[in-house]
1. Output the number of residues of the stretch 4-29 satisfying the condition of being open to solvent by 50 Å² or more (accessible area, probe 1.4 Å) and farther than 23 Å from Asp99 by Cβ.
2. Please work out which one of (1) charged (D, E, K, R); (2) buried (at least 19 other Cβ atoms within 10 Å of the Cβ); (3) without any contact (Cβ under 8 Å) to a residue 60 or more places away in the chain is the condition Glu80 fails and give its number.
3. Exactly one condition in (1) open to solvent by 90 Å² or more (accessible area, probe 1.4 Å); (2) modelled with pLDDT of 85 or more is false for Tyr112; which is it?
4. So, Ile85, is that one in a helix (DSSP H, G or I) and in contact with a Leu (Cβ under 6 Å, 6 or more places away or on another chain) or not?
5. Output the residues belonging to the stretch 30-74 that are modelled with pLDDT under 80, open to solvent by 50 Å² or more (accessible area, probe 1.4 Å) and outside any loop (DSSP other than H, G, I, E, B).
Amino acid sequence: MTPIAHISSGYIIYIAATQLIKIENTPLLIIAIIGSLIPDVDAFFGLNMKDHHNTIFHTPLFWLIIFNILFILGQSILLEYMDLIYIFFLGVFIHLLSDWITARTAGIRVFYPFKKNNYSLFKLESDKGNIPIFPNKN
């Protein structure tokens, strides 16, 4: 998906959260958008579209481990930030879900590190993913 689509999903998460927990604030919106974009940090490593989803940032297990660490810390020392932690990780997992559905050239590595296969809802066409994420602007 494009960054705009991921930002849109972060905004939708924010709207849904404000309806559920009745809190509207700018940090919540920013955290929702950051969470929905953070798995794409690997785009800055100079990877092409096909290899972009083969990093640890597009694996659910990595984010589950990080979430569990923050959840355990949150129960003792980060209690006042738990809403932000939940919203952040909801954004991350919506990002992964949407990439699983729409990433036709790469999918995501659902079972990594146990299996290195890429999975997608639809048939993968990895040969079409040999294009740079950030095109050269010469």
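The values are calculated or read from the model by the stated rules, or taken from the named source; none is laboratory data. Everything quoted here is computed from the prediction, not taken from an experiment. Note that we place each Cβ from the backbone using ideal geometry, even for glycine, and neighbour counts take in every protein chain shown. With ligands, DNA and RNA removed, areas are computed over all heavy atoms of the protein, side chains included. Shrake-Rupley method; radii C 1.70, N 1.55, O 1.52, S 1.80 Å.
1. Total satisfying the criteria: 9.
2. Condition (2) is where Glu80 drops out.
3. Answer for Tyr112: the failing condition is (1).
4. Against the criterion (in a helix (DSSP H, G or I) and in contact with a Leu (Cβ under 6 Å, 6 or more places away or on another chain)), Ile85 qualifies.
5. Phe44, Phe45, Met49, Lys50, Asp51, listed by residue number.
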